[in-house]
Amino acid sequence: LGFHLEGPFLSTARKGAHRIDDITNPTKDLIEKLLSAANGSLKIITIAPELPGSTAAISQLLAAGVKVSVGHSDADAATVAQAADLGATLITHLFNAQSPINHRKTGVAGQALIDPRFTLGLIVDLHHVAVETVQLAFQAAADRICLVTDAISALGMPPGQYELAGEAVTVSQSGAPARADGTLAGSALRLDHAISNCIDIGIDPYRAILAATMVPAAAMGLTDRGQLRAGMRADLVWLNSTSSGLEASATW
């Protein structure tokens, strides 16, 4: 499937846990170097569309077959809409590390919710986004929500000290990795638990499962998977009901 490169063309004002010395503005030459190094494997890149050079960068990336996701951005709504006009189709972890909804400034999050051209990644570990805000997102754009984990390599590991990009992170008993200053640093979320969390807070199970199957497949332009239909890839997951919610018991 290839990979998603979350950076380095990010806003320093919305960098989250990213290292500030690794953040830079996009240039034609740097993008060419990234594309060459990826050797065809780069499928998504996150970019802050307000950065100098971002307009040309979005066009260059799309021409190379890379999908553009708006994220780690302090852009206003008009700039986000302009990115969609250019062909950006994704939002990196809605609400996190982006300009929020304000009654006078719509921000990245607000434009994402009202703009049908975007598929919206959402981390439902119930740490990154509050329960009510998850419900808001599904009520506003249920058929465009794509569940993502944002998981780091500490996924599946016990509480303790781990590393992300050369810096220490602590995974607490609750399972949310954080830097010493309290900044969330990715997650330790499993996708089956993301579906379970959605259902636990009242999201329609059909919508929750679509957000982990059909919606991401469609967002990536993958027409051979994501649905249980004749002729599709037979990728099946058995979600079994346990004391802690739905969990994957087997895959075929």
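The values are calculated or read from the model by the stated rules, or taken from the named source; none is laboratory data. Everything numeric here is computed off the predicted structure, so don't read it as measured data. Note that each Cβ is placed from the backbone with ideal geometry, even for glycine, and that neighbours are counted across all protein chains shown. Side chains are part of the model used for accessible areas, which takes the heavy atoms of the whole protein and leaves out ligands, DNA and RNA. Shrake-Rupley method; radii C 1.70, N 1.55, O 1.52, S 1.80 Å.
Summary of values
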read-out	value
Failed condition for residue 7, given (1) free of Cβ contacts under 8 Å to residues at least 40 places away in the same chain; (2) farther than 17 Å from residue 119 by Cβ; (3) of a type outside the set (S, T, N, Q)	(1)
Selection count, the range 213-234, where residues are over 20 Å from residue 70 (Cα atoms) and open to solvent by less than 30 Å² (accessible area, probe 1.4 Å)	1
Residues being within 19 Å of the chain's Cα centre (by Cα) and surrounded by 20 or more Cβ atoms within 10 Å (Cβ to Cβ) - total across the range 51-66	3
Residues satisfying the stated conditions in the range 203-212, i.e. open to solvent by 20 Å² or more (accessible area, probe 1.4 Å), touching a residue at least 12 places away in the same chain (Cβ under 8 Å) and either among the acidic types (Asp, Glu) or outside any loop (DSSP other than H, G, I, E, B) (or both)	204, 207, 209, 210
Residue in the range 67-120 that is surrounded by the fewest Cβ atoms within 10 Å (Cβ to Cβ), counting only those that are among the charged types (D, E, K, R) and in a loop (DSSP other than H, G, I, E, B)	104
Pair list, Cβ under 6 Å, 6 or more apart: the range 188-199 residue in contact (Cβ under 8 Å) with a residue 24 or more places away in the chain, other residue of a type in the set (D, E, K, R) and open to solvent by less than 30 Å² (accessible area, probe 1.4 Å)	189/125
Pair list, Cβ < 8 Å and 6+ apart or interchain, from the range 105-117 residues that are within 14 Å of residue 140 (Cβ to Cβ) to residues that are among the aromatic types (Phe, Trp, Tyr) and open to solvent by 10 Å² or more (accessible area, probe 1.4 Å)	109/95
Members of the range 128-155 found to be outside any helix (DSSP H, G or I), over 15 Å from the mean Cα position of the chain (by Cα) and surrounded by fewer than 19 Cβ atoms within 10 Å (Cβ to Cβ), listed by number	130, 153, 155
The lone exception for residue 219 - which of (1) touching a Cys at 6+ places or on another chain (Cβ under 9 Å); (2) closer than 24 Å to residue 132 by Cα it fails	(2)
Residue match in the range 172-179 (condition: farther than 30 Å from residue 84 by Cα, assigned to a strand (DSSP E or B) and not basic (Lys, Arg))	yes
